[in-house]
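The structure appears right after this line, and notes come after that.
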Amino acid sequence: MSQIERVAIVGGNHGNELTGVHLVKKFQQYPNLINRASFETLALLGNLKAIEEGKRYIEKDLNRCFTNQGLQNPQLLSYEDIRAKAIQQILQPQNQPFVDVIVDLHSTTANMGLSLIFCDMHPFLLRLGAYLSSINPLVKVFINQESKENGFLRSLCELGFVIEVGAVA
């Protein structure tokens, strides 16, 4: 990858994780907080119905619906399967550039502090983790290689990762 041109910040894949929802709504209201001259930034809410109802999900976990097989299966018609396909079209539109980076915002009741979760040891992600840890030594970096095939949103691009904040009640 030569240059990052499009970045997506997504919150609310789990409708009951409000930290990401509030951040995305703030970024949508004040885009100057995330806009940069060097790349385009999208701020996107994930599971709209679950956010509205204050639930983790409606029928199934949206953050497990981003497998290639599931995204290409027209018979999968749960709300989350349909929403995953819509999100994929936003992040990977036909005949247009895909997003280069996905920042997937989550919160947890676990005492994880501020954590970055990567699918692999991509040099860019490692540099990002090292940089953020140098700014704030409390930032933790996890690499979960098994998660690449689990249908997580971040798997839609090579530089997708999660920011997990907790403990949040």
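The values are calculated or read from the model by the stated rules, or taken from the named source; none is laboratory data. It should be emphasised that the depicted structure is a prediction, and the values quoted were computed from it without experimental measurement. Positions of Cβ are backbone-derived with ideal geometry, glycine not excepted, and every protein chain shown enters the neighbour counts. SASA here: full protein model, heavy atoms, side chains in, ligands and nucleic acids out. Shrake-Rupley method; radii C 1.70, N 1.55, O 1.52, S 1.80 Å.
So which of GLY151, GLY166, GLY113 ends up being surrounded by 14 or more Cβ atoms within 10 Å (Cβ to Cβ) and modelled with pLDDT of 95 or more?
One residue alone meets the criteria, GLY166.
Specify which of the listed residues (SER134, SER107) is under 19 Å from PHE27 (Cβ atoms), of a type in the set (S, T, N, Q) and either at pLDDT 95 or above or open to solvent by 70 Å² or more (accessible area, probe 1.4 Å) (or both).
Among SER134, SER107, only SER107 is under 19 Å from PHE27 (Cβ atoms), of a type in the set (S, T, N, Q) and either at pLDDT 95 or above or open to solvent by 70 Å² or more (accessible area, probe 1.4 Å) (or both).
Just to be sure I understand, how many residues within the range 106-129 are of a type in the set (A, V, I, L, M), over 15 Å from the mean Cα position of the chain (by Cα) and closer than 20 Å to GLN3 by Cβ?
Number satisfying all stated conditions: 2.
Looking only at helices (runs of 4 or more DSSP H) that lie completely in the range 15-77, which have at least 2 residues being closer than 22 Å to CYS157 by Cα?
Once the helices (runs of 4 or more DSSP H) in the range 15-77 are filtered for at least 2 residues that are closer than 22 Å to CYS157 by Cα, what remains is 18-29, 68-71.
Within the range 55-77, how many residues turn out to be surrounded by 12 or more Cβ atoms within 10 Å (Cβ to Cβ), more than 17 Å from the chain's Cα centre (by Cα) and hydrophobic (A, V, I, L, M, F, W, C)?
Counting residues in the range 55-77 that are surrounded by 12 or more Cβ atoms within 10 Å (Cβ to Cβ), more than 17 Å from the chain's Cα centre (by Cα) and hydrophobic (A, V, I, L, M, F, W, C) gives 2.
Among the residues of the range 117-131, what is the count of those that are modelled with pLDDT under 95 and among the aliphatic types (A, V, I, L, M)?
Of the residues in the range 117-131, 1 are modelled with pLDDT under 95 and among the aliphatic types (A, V, I, L, M).
Results for (1) aliphatic (A, V, I, L, M); (2) closer than 19 Å to VAL10 by Cβ; (3) touching a helix residue (DSSP H, G or I) at 6+ places or on another chain (Cβ under 6 Å), shown as yes or no for each residue.
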{"position": "VAL103", "(1), (2), (3)": "yes, yes, no"}
{"position": "THR108", "(1), (2), (3)": "no, yes, no"}
{"position": "LEU114", "(1), (2), (3)": "yes, yes, no"}
{"position": "PRO123", "(1), (2), (3)": "no, no, no"}
{"position": "VAL165", "(1), (2), (3)": "yes, yes, yes"}
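Condition check: more than 13 Å from ALA8 (Cα to Cα), open to solvent by less than 20 Å² (accessible area, probe 1.4 Å), among the acidic types (Asp, Glu) and modelled with pLDDT of 95 or more. Does GLU52 satisfy that?
Criteria not met by GLU52.
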